[in-house]
Amino acid sequence: MLRVTGAELVARYRKGERGFRKVDLTGADLQGRKLIGVDLSGAELSHADLQFADLTGADLTGAELAAAFLTKAVLGSAKLVRADLSEAHLGDAALIRADLTGADLREADLAGAKLVSAKLVRAGMVGAVLTRADLTEAVLEGADLSDARLDEARLERARLGGARLVGARLVSARAHRAVLARADLQGATLRGARLVDADLSRALLEGADLSDADLTGADLCRTLMKGANLMGAMLTSTEMTYTEV
């Protein structure tokens, strides 16, 4: 793998070069750099400083970004398929319509990140921090969000079919019309969450805390809710046919 410094990459980029596949930029300083459309697929960027960088449309497929600093970085429509972002710092980053299919985001900090319409299918997000993150219309089908923190997150119309959210925190999360069919929410905390018209059919909610949650119009058909706390929950027009409690 060719070692390239941050300054060298920026100089070559300014001359019109865009292809930097599989380069080694470990710990590189690229803070605030404009690298729109750059190809860094397979690159080594662990511990790199990319705070405030503009990586709109960048190709980071399979890139190594473990513990990288991406606070307030712009990654709109970027390709991060199978990228390693474990323990990465992505607070307030803009990842609108980014493709993170199969990405490793374990223990990553995504607090306040904008993930509107982002694709996170089968992403590994165990222990990730997504407090106040905007996941409106994001696709998280089959993602593993066990023990993730999604307090006050926006999940309106998000698709989480078959996702794993065991022990996750979704206190005061907004999930109007979210699809959580077949999702595993055992032991999850959804206190005060807004789940109006949400699809929770065949979901596992055993031992979940749904106290004060708004489940108006939600679909809870064939949902397993043994030991769930529904104290103070709003269940107006909620469909609970065959729900097991």
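Where a number appears in this text, it was derived from the coordinates with a stated rule and is not lab data. All values derive from a computational prediction rather than experimental measurement. Neighbour counts are summed over all protein chains in view; Cβ atoms, including those assigned to glycine, are modelled from backbone coordinates with ideal geometry.
Brief remarks on what is shown
- The residue that is surrounded by the fewest Cβ atoms within 10 Å (Cβ to Cβ), counting only those in the range 81-95 that are closer than 16 Å to Gln51 by Cβ and not aliphatic (A, V, I, L, M), is Asp92.
- Extreme residue, surrounded by the most Cβ atoms within 10 Å (Cβ to Cβ), among residues of the range 221-243 that are touching an Asp or Glu at 6+ places or on another chain (Cβ under 6 Å) and part of a loop (DSSP other than H, G, I, E, B): Cys221
- Tallying residues that are small (Gly, Ala, Ser), over 14 Å from Ala228 (Cβ atoms) and within 20 Å of the chain's Cα centre (by Cα) within the range 184-213 yields 1.
- Hey, Val166 over 25 Å from Thr101 (Cβ atoms), assigned to a loop (DSSP other than H, G, I, E, B) and either more than 22 Å from the chain's Cα centre (by Cα) or not acidic (Asp, Glu) (or both) or not: no
- Criterion applied to Ala67, Ala78 was being aliphatic (A, V, I, L, M) and crowded, with 20+ Cβ neighbours inside 10 Å, and the one residue passing it is Ala78.
- Output for the range 96-138, where each listed residue is surrounded by fewer than 22 Cβ atoms within 10 Å (Cβ to Cβ), closer than 20 Å to Arg194 by Cβ and of a type in the set (A, V, I, L, M): Ala111, Val116
Residue-wise test of (1) assigned to a loop (DSSP other than H, G, I, E, B); (2) closer than 14 Å to Leu75 by Cβ.
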{"position": "Met1", "(1), (2)": "yes, no"}
{"position": "Glu8", "(1), (2)": "no, no"}
{"position": "Gly16", "(1), (2)": "yes, no"}
{"position": "Lys22", "(1), (2)": "yes, no"}
{"position": "Thr26", "(1), (2)": "yes, no"}
{"position": "Ile36", "(1), (2)": "yes, yes"}
{"position": "Gly42", "(1), (2)": "yes, no"}
{"position": "His47", "(1), (2)": "yes, no"}
{"position": "Phe52", "(1), (2)": "yes, yes"}
